[in-house]
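Asks: The structure under discussion is supplied below as structure tokens; questions concerning it will follow.
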Amino acid sequence: MANADDLAGIALFESLDDAQRAELAGWFELKHVSEGVRLVGEGASGYSFFVLLDGTATVTADGKTLSDLGPGDFFGEIAILGEGRRTASVTTTSPASVLVMFGTEFRRLQQQQPEIAARIEQAMQRRLQTPS
């Protein structure tokens with residue numbers, strides 16, 4: 001399980017106080033992965049949301065690199081908020097620590113932290129409008 005300190009340096013959660021971060025941290029699993037691990041696969045079902053705590057990853061779709069991710073970046077929102085399918089693959093390019101939130105907790109986040117949920121949805125809209 002993650003802790004409040006894990007969330008403290010992440011821009012997405014900067015509006016939360018310590019108690020709110022501590023509560024939200026309990027909704028995440030903390031995973032440590034090595035370089036070259038595919039965290040999500042394009043076309044797969046997706047019921048989880050990810051925040052890259054440290055390390056790097058690359059986002060690819062149709063064999064093209066769409067973006068590079070670093071600490072504080074998040075992904076997985078398009079599938080969890082949309083049709084349930086992953087629109088891209090995300091693969092680590094270094095050892096990484098990743099916060100993982102599953103669907104039930106994500107729905108709780110939407111209800112209890114609407115400002116954060118709105119920021120996630122805005123990011124999703126921007127990503128869907130970006131030509132690949």
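Asks: I'm trying to understand the selection: among the residues of region 1-47, which are free of Cβ contacts under 8 Å to residues at least 40 places away in the same chain and aliphatic (A, V, I, L, M)?
Replies: Met1, Ala4, Ala8, Ala19, Ala22, Ala25
Asks: Moving on to the next point. Considering only residues that are surrounded by 13 or more Cβ atoms within 10 Å (Cβ to Cβ) and either closer than 20 Å to Thr58 by Cβ or touching a Cys at 6+ places or on another chain (Cβ under 7 Å) (or both), which ones fall in region 13-42?
Replies: Lys31, Val33, Glu35, Val37, Arg38, Leu39, Val40, Gly41, Glu42
Asks: Mind checking which residues of region 48-63 are free of Cβ contacts under 8 Å to residues at least 60 places away in the same chain, on the phi > 0 side of the Ramachandran plot and either surrounded by fewer than 14 Cβ atoms within 10 Å (Cβ to Cβ) or not in a loop (DSSP other than H, G, I, E, B) (or both)?
Replies: The answer is Gly63, and nothing else.
Asks: Also: If you check Gln113 against the conditions, is it polar (S, T, N, Q), over 21 Å from Thr65 (Cβ atoms) and buried (at least 17 other Cβ atoms within 10 Å of the Cβ)?
Replies: Against the criterion (polar (S, T, N, Q), over 21 Å from Thr65 (Cβ atoms) and buried (at least 17 other Cβ atoms within 10 Å of the Cβ)), Gln113 qualifies.
Asks: Moving on. Can you tell me which residue in region 15-36 is farthest from Thr91 (Cα to Cα), limited to those that are aliphatic (A, V, I, L, M) and outside any helix (DSSP H, G or I)? Before you say what the answer is, go through the steps one by one.
Replies: So in region 15-36, the residues aliphatic (A, V, I, L, M) come out as 16, 19, 22, 24-25, 30, 33.
Of the ones still in play, those that are also outside any helix (DSSP H, G or I) are 16, 30, 33.
Values: Leu16: 29, Leu30: 17, Val33: 10 Å.
Residue satisfying both the conditions and the ranking: Leu16.
Asks: List the strands (runs of 3 or more DSSP E) inside region 64-132, counting only whole elements, that have at least 1 residues being free of Cβ contacts under 8 Å to residues at least 12 places away in the same chain and of a type in the set (Val, Ile, Thr).
Replies: Because the criterion is at least 1 residues that are free of Cβ contacts under 8 Å to residues at least 12 places away in the same chain and of a type in the set (Val, Ile, Thr), the strands (runs of 3 or more DSSP E) in region 64-132 that meet it are 64-69.
Asks: Can you say whether Phe75 is surrounded by 15 or more Cβ atoms within 10 Å (Cβ to Cβ), among the hydrophobic types (A, V, I, L, M, F, W, C) and under 15 Å from the mean Cα position of the chain (by Cα), as far as the supplied structure shows? Walk me through it before giving the result.
Replies: On the way: surrounded by 15 or more Cβ atoms within 10 Å (Cβ to Cβ): yes; among the hydrophobic types (A, V, I, L, M, F, W, C): yes; under 15 Å from the mean Cα position of the chain (by Cα): yes.
Here the answer is yes, as Phe75 does meet what is asked.
Asks: More than 16 Å from the chain's Cα centre (by Cα) and either within 18 Å of Glu121 (Cβ to Cβ) or among the acidic types (Asp, Glu) (or both): does that describe Leu12? Show your work before the answer.
Replies: Details: more than 16 Å from the chain's Cα centre (by Cα): no; either within 18 Å of Glu121 (Cβ to Cβ) or among the acidic types (Asp, Glu) (or both): yes.
So Leu12 does not fit the description; no.
Here, each number is a calculation from the coordinates, and none is a lab measurement. No experiment lies behind these values; they were computed from the predicted model shown. Backbone-built Cβ (ideal geometry, glycine too); neighbour counts: all protein chains shown.
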